[in-house]
Every structure is written in structure tokens, then in C-alpha cells.
Amino acid sequence: MIEIAQALLFDRHGKLLIYLRDDKPSIPFPNHWDLIGGHVEVGETPEEALCREVREEIGFTLTAWRLFRRYDCLTGDVYPNRKFIYHARIDAAVADLALYEGQRLTSIGAAQLREFKFANILGQIVEDFVAADLWPKAVDNFYGK
């Protein structure tokens, strides 16, 4: 089974960073919104893959994260996979980051979730995260500032 590590990555304002996948018919879920992350390569742990993917996709070095849940996707995707979903906050905003994969990077609040068409089961994953009451509050003093 293919393993994928992705992050519910929140910016300094407590908004979720998501990116719009390329609009190429040759890729899975073209023109859908996605979380930062990707495939776990041979010899990597999911955590190592997460850090590598965040660095490759938005140029940010992730230093702290927590596992939210593991999801086994046996249907509805182009191949069976196991998703390791982490959550983290970074002291940056969209304007501070560069997107190296996909069409566009944005950040959204929990109230905006239904406005976006997520790839595969990611919409359900984000809803599960909201239901677990883990979405950071904008007023959280996460960085000690």
C-alpha cells in the first residue's frame, strides 16, 4: 500500500494552508484543493516525508507537528493508500511562502471549507479535524508573542 504524509498546516493567523492542484488531466484530482504533503519514499518515515514535502512544496522547514489520524483509502482514489495526517502551525502567512507545486496557495478559515472542492477524501478529513475541535483559534498565542 502506498503511504502518504500530509499536513493540516495552519498559518500565523490560524488559517489552513491549501493549494490548488495543477489542471492536468494526467494527474489524479486535477484542479482540486489539496493539503501540503505527498508520498512517503522508500526508506523514509511518514514524518521524514512530511518535512521533505513541506520543504519541497512551500519552501518551509517544519520543526514541530502532531499526528492527527491515519486514514486507509481503499476506494475512491487512483490507488489504495494510507494517509498519515498531521497538524502543525507555522509562523508565516501565504504572502511569506512560495508555492513550488500546483497553481495557487491560499489560506482559509473553518467557515469557508464548503467553498472548496478537495481532492479525494480530504474534505472529510478536514471536517473530522473540525469536529475534533482542534482547529486553532485566531487568538491563540501559539508563538509566545
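Derivation of every value follows stated rules applied to the coordinates shown; laboratory data play no part. All of these numbers come straight from a predicted model, not from anything done at the bench. For neighbour counting, all protein chains shown are included, and Cβ atoms are generated from backbone atoms with ideal geometry for every residue, glycine included.
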- Note on the structure: With a Förster distance of 41 angstrom and the Cβ-Cβ distance between Ile121 and Asp91, calculated FRET efficiency to the nearest 0.05 equals 0.90
- Item | Lysine pairs in the chain with Cα atoms under 25 Å, if 8 or more residues apart or on separate chains | 9
- Under the classification rounded if a/c is under 1.5, otherwise prolate if a/b is larger than b/c and oblate if not, where does region 1-97 fall, given a ≥ b ≥ c as square roots of the Cα gyration tensor eigenvalues? oblate
- Item | Restricting region 21-77 to GluC sites (Glu not before Pro) in coil, as DSSP defines it, with at most 11 other Cβ within 10 Å | Glu41
- For the chain, size of Cβ-based charge dipole, Lys and Arg +1, Asp and Glu -1, in debye: 380 debye
- Note on the structure: Cα-based Rg/(2.2 N^0.38 Å) for region 34-75, rounded to two decimals, is 1.21
- Towards the positive end of the charge dipole of region 13-145, with charges on Cβ (+1 Lys, Arg; -1 Asp, Glu), say which of Gly123, Ile36, Pro46 has the farthest Cα. Gly123
- Query: Of all DSSP beta bridges located in the chain, what percent are antiparallel, nearest 5?
  - Reply: 65 percent
- Message: Could you work out the percent of alpha carbon pairs in region 1-51 separated by over 18 Å, rounded to a whole number?
- Response: 44 percent
- Query: Counting pairs of alpha carbon atoms under 8 Å apart in space and at least six apart in sequence, what relative contact order in percent does the chain give?
  - Reply: 34 percent
- For region 67-128: relative contact order, % (alpha-carbon pairs under 8 angstrom, 6 or more apart): 23 percent
